[in-house]
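Chemist: Structure incoming, see below.
The values are calculated or read from the model by the stated rules, or taken from the named source; none is laboratory data. Because the structure is a prediction, the values reported are computed rather than measured. Here Cβ is always computed from backbone atoms with ideal geometry, including for glycine, and neighbour counts include all displayed protein chains. Accessible surface areas use protein heavy atoms only, side chains included; no ligands, DNA or RNA. Shrake-Rupley method; radii C 1.70, N 1.55, O 1.52, S 1.80 Å.
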Amino acid sequence: DRWVMMGNHRDTWVHGAVDATTGLAALNEIGHGLFKLKEQGWKPRRTIVLASWGAEEQGIIGSTEFVEDYMTLLQEKMVAYINVDVAASDQKYFKPSATPNFRPLLERAAKQAGAPLDSTYGTFYEQWDA
C-alpha cells in the first residue's frame, strides 16, 4: 500500500483569508469529496492521507515534527505529497508549482480543465503556457 498525502498548515499571521484559510477550505472540500466518492463505492488505488499542520509560520514545525516522528514509515509508504497552501488568492491566473516529475500530471490536468476567469483561454493549460 502506497500513500499520497495532501496537506496544508492551519496557522496564519497576516494573510489569514488567503494563507492558510484557502488551503484549509480546499483540503476540507477534498476530504468531503473523497468521502462522497467512497459512499458511492469508489476505492482509490493508493491510500490518501489528509494532513493539517500547526506552527508552519513559526518555522514549519508541525510538518517537520511529523516527518521526524514517522520518517521510516513515510520512506516506505509515501509516493507523493501535494501541498494545498494558498489554494486561492486575488490572482486570476493558474500558477501551479511542483517538483519536475510531477509536472506532466499538472499539464494533463490543466489541459482538461476550463479556464473560467479569462475567456481568452480555453483551458488552464493555455493560460499557464501563455
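Chemist: Output the Cα-based Rg and Dmax of the stretch 1-101 in Å, rounding Rg to one decimal and Dmax to a whole number.
Modeler: 14.7, 41
Chemist: Where does the charge balance sit around residue 24 when Lys and Arg score +1, Asp and Glu -1, over other residues with C-beta under 13 Å from its C-beta?
Modeler: Spelling it out: positives minus negatives among the neighbours equals -4.
Chemist: If you add up the charges near residue 49, with Lys and Arg at +1 and Asp and Glu at -1, over every other residue whose beta carbon is less than 13 angstrom from its beta carbon, what do you get?
Modeler: For residues surrounding residue 49, the net value is +2.
Chemist: Quick one: with all protein chains in place, what share of the accessible area of the chain is carbon or sulfur, to the nearest percent (1.4 Å probe)?
Modeler: Result for the chain: 54 percent of the exposed heavy-atom area is carbon or sulfur.
Chemist: Let me ask you something else. If I take all pairs of Cα atoms in the stretch 36-90, what percentage of them are more than 13 Å from each other?
Modeler: Every Cα pair in the stretch 36-90 considered, those over 13 Å come to 73 percent.
Chemist: Moving to a separate point now. Using the Cα centre of the stretch 30-130 as the reference point, and only Cβ charges (+1 on K/R, -1 on D/E), how large is the resulting charge dipole? Debye, rounded to the nearest 20.
Modeler: Result for the stretch 30-130 is approximately 660 debye, rounded to the nearest 20.
Chemist: For residue 10 and residue 75 in one chain, what is 0.36 nm times their gap in residues minus the Cα-Cα distance, to one decimal in nm?
Modeler: Contour length minus the Cα-Cα distance gives 20.9 nm.
Chemist: Whole-Hz Karplus ³J(HN,Hα) for the stretch 65-72, in order, using 6.51 cos²θ - 1.76 cosθ + 1.60 and θ = phi - 60°, x for Gly and Pro?
Modeler: 4, 4, 4, 4, 6, 10, 3, 4
Chemist: A follow-up question, please. Probe 1.4 Å, all protein chains in place: accessible area of residue 36 in Å², nearest 10?
Modeler: Surface open to solvent at residue 36 totals about 90 Å².
Chemist: For residue 30, what accessible surface area do you get with a 1.4 Å probe? Give it in Å², rounded to 10.
Modeler: 50
Chemist: Placing +1 at every Lys and Arg Cβ and -1 at every Asp and Glu Cβ, with all other atoms neutral, what dipole size does the stretch 1-86 have around its Cα centre, in debye to the nearest 20?
Modeler: For the stretch 1-86, the charge dipole is close to 640 debye.
Chemist: Let me ask another. Work through the residues other than residue 35 whose Cβ is under 15 Å from its Cβ and net out their charges, Lys, Arg +1 and Asp, Glu -1.
Modeler: +1
Chemist: Here's a follow-up. What stretch of the chain, leaving out the sites themselves, is the longest with no chymotrypsin sites (Phe, Trp or Tyr not before Pro) in a DSSP loop having at most 13 other Cβ atoms within 10 Å?
Modeler: The longest such stretch corresponds to 43-92.
Chemist: Express as a percent, rounded to the nearest 5, the fraction of DSSP beta bridges in the chain (both residues included) that run antiparallel.
Modeler: Roughly 10 percent of the DSSP beta bridges within the chain come out antiparallel.
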